[in-house]
Amino acid sequence: MTGRHSVEKIGGTSMAATATLFDNVLIAGRSGSELYNRIFVVSAYAGMTNLLLEDKKTGEPGVYQRFVADDEGADGWRRAMDDVRRAMHERNATMFVRPASRAEADAFVDARLDAVADCLDDLARLRSHGRFCVKEQLVTARELLAGLGEAHSAHSTSLMLRDRDVNALFVDLTGWDQEDLRTLDERIEEALGDVDLATTMPIVTGYAGCRGGMVRRFSRGYTEMTFSRIAVLTGAREAIIHKEFHLSSADPKLVGEDKARKIGRTNYDVADQLANVGMEAIHPGAGRGLRQTDIPLRVRNTFDREDPGTLVSGTYVSDVPRVEIVTGIRHMQALQFFEQDMVGVKGYDSAILDALARHGLWIVSKSSNANTITHYLSASADAVKKVIADLENAYPDAAISAHPVAMVSVIGSDISRPGLVPDALRALEDAGISMIAMQHQIRNVDVQFIVQGRNFERAIRVLHKALVESDELAGEGRRAA
């Protein structure tokens, strides 16, 4: 089971566009043997995991958060579970043509939801006895709930494919009814080891019940970890992610659809930089496995059937130094630690890092000089206040503060073109955008500009125009000459 097949992950928004997904990805004009030698790893339908856990952007509680909060007693989480059941049934109603298949899909959903609801009922009864500590069981409940979304989407997709005479196989990695949790690799090898990919299309749950917990270890990026490990363990020729957009030179909503450019080619180093600023081409842990086994990654637009997308590989470097993408983080905190006596004394940096790790804050970048260390954090002001309190207790003579900032990063596989930084600074100055700080690494993969939050969108437009659009025009001029 090596070499000929691809492993392909489908994101939640693409999953929700069912007709387009079948027309452009799952079937896409194929027939007979052309349909096979492809393994699909599916996310939950868009919005479903938010209903099960909590809204990723707004924090609106789903089943899990209502259960943890004991919201309105049992009624809060039960009503949230009813919302999930209703949403899954409504999704099935929009997708299935054959009544028998829809009934089978609904019955599958009901059985899974009922089983998890029974578990939550048992846990609620145990929790009602104050002497029991159920913290660890709550983590397990979160894992169980997360897996429901992918189980629903994978099962429904395999049913719809079979209705179209495709030999699809529902591969359930959730382990929802198994007590002996195995490693992720063991779970995958057991499920796919005997599958004939030449005649079978596996539709695999993006969530996998495994030792250590997928949500606990990888948060909401667990689907990409499953996808990556399947590609590595089966020796795929290529890994493909289907998204609702192209991997572009900037957010088209910010710079304009006519100005954003598909990247086309890049490398895993760039993918890591994107993940660092929250614009994931792929989860960094997932990309690591693909890079180490020389499996190229292709990012495709589900809604652009004919376009090959952007190919990410380990060895690619642009033949002409250029900026490939301008992106960033709108809301950050700059944590500044000043201690006059720091110069020549060790230990300050490690203490700050320990405090940040203890509170689980994401470090995007850092800088230091003789007596000041600054960390740029993707974190809320409230979270950073807790770190400051810890550090002030440990270092009462230090001046420690946090400031809201934004970061705009220009990224590329090789951005060593002459004059890039002066051109960027000139463009920001001409636009009246004050730069608070700048980070430029020796490796020439990215330059980070720290600006005020109110200037975030304008800075992206200005730098994209100066470093992507202008370079493209200059390149066209050179070719014409």
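In the set (1) free of Cβ contacts under 8 Å to residues at least 60 places away in the same chain; (2) surrounded by 22 or more Cβ atoms within 10 Å (Cβ to Cβ), the condition left unmet by L335 is number (1).
Considering only the stretch 39-85, state which residues are outside any helix (DSSP H, G or I), open to solvent by 10 Å² or more (accessible area, probe 1.4 Å) and over 14 Å from G149 (Cα atoms). Those that are outside any helix (DSSP H, G or I), open to solvent by 10 Å² or more (accessible area, probe 1.4 Å) and over 14 Å from G149 (Cα atoms): K56, K57, T58, G59, E60, P61, D70, D71, E72, G73. When V384, V345, V323 are checked against the criterion of being of a type in the set (A, V, I, L, M), out of contact with any Cys (no Cβ under 6 Å at 6 or more places or on another chain) and open to solvent by 70 Å² or more (accessible area, probe 1.4 Å), V345 stands alone in meeting it. Would you be able to say whether some residue in the stretch 266-289 is out of contact with any helix residue (DSSP H, G or I) (no Cβ under 8 Å at 6 or more places or on another chain) and of a type in the set (S, T, Y)? Checked the stretch 266-289: at least one residue is out of contact with any helix residue (DSSP H, G or I) (no Cβ under 8 Å at 6 or more places or on another chain) and of a type in the set (S, T, Y). Residue pairs whose Cβ atoms lie under 8 Å apart, sitting 6 or more positions apart in sequence or on different chains, and linking a residue in the stretch 256-285 that is farther than 15 Å from V326 by Cβ and part of a loop (DSSP other than H, G, I, E, B) to a partner that is modelled with pLDDT of 85 or more and open to solvent by 60 Å² or more (accessible area, probe 1.4 Å), do not occur here. Filtering the stretch 430-451 to residues that are open to solvent by 60 Å² or more (accessible area, probe 1.4 Å), more than 25 Å from A402 (Cα to Cα) and modelled with pLDDT of 95 or more leaves only D430.
Just one residue in the set R358, R330 is closer than 20 Å to N455 by Cβ, surrounded by fewer than 22 Cβ atoms within 10 Å (Cβ to Cβ) and not aliphatic (A, V, I, L, M); that residue is R330.
Taken as a whole, the condition of being polar (S, T, N, Q), on the phi < 0 side of the Ramachandran plot and open to solvent by 20 Å² or more (accessible area, probe 1.4 Å) applies to T140.
Looking at A151, is it within 19 Å of G285 (Cβ to Cβ), crowded, with 21+ Cβ neighbours inside 10 Å and not hydroxyl-bearing (S, T, Y)? No. Quick one: would you say T315 is among the polar types (S, T, N, Q), within 26 Å of R417 (Cα to Cα) and modelled with pLDDT under 95? So T315 fits the description; yes. Any idea which of V204, V215 is modelled with pLDDT of 95 or more and open to solvent by less than 50 Å² (accessible area, probe 1.4 Å)? Selected residue: V204, the only one of V204, V215 that is modelled with pLDDT of 95 or more and open to solvent by less than 50 Å² (accessible area, probe 1.4 Å). For the stretch 366-381, residues that are open to solvent by less than 20 Å² (accessible area, probe 1.4 Å) and of a type outside the set (A, V, I, L, M, F, W, C) total 3. For the stretch 391-400, the count of residues that are touching a residue at least 24 places away in the same chain (Cβ under 8 Å), part of a strand (DSSP E or B) and open to solvent by less than 50 Å² (accessible area, probe 1.4 Å) is nonzero. Do we find a residue being out of contact with any Gly (no Cβ under 9 Å at 6 or more places or on another chain), of a type outside the set (V, I, T), open to solvent by 60 Å² or more (accessible area, probe 1.4 Å) and touching a residue at least 12 places away in the same chain (Cβ under 8 Å) anywhere in the stretch 16-32? For the stretch 16-32, residues out of contact with any Gly (no Cβ under 9 Å at 6 or more places or on another chain), of a type outside the set (V, I, T), open to solvent by 60 Å² or more (accessible area, probe 1.4 Å) and touching a residue at least 12 places away in the same chain (Cβ under 8 Å): absent. Selection within the stretch 112-122: residues that are open to solvent by less than 60 Å² (accessible area, probe 1.4 Å) and without any contact (Cβ under 8 Å) to a residue 60 or more places away in the chain. The member of this set that is farthest from T157 (Cα to Cα) is D121.
The values are calculated or read from the model by the stated rules, or taken from the named source; none is laboratory data. The structure displayed is predicted, hence computed values, not measured ones. Heads up, the Cβs are rebuilt from the backbone with ideal geometry, glycines too, and the neighbour counts pull from every protein chain shown. Only protein heavy atoms, including side chains, enter the accessible area calculation; ligands, DNA and RNA are left aside. Shrake-Rupley method; radii C 1.70, N 1.55, O 1.52, S 1.80 Å.
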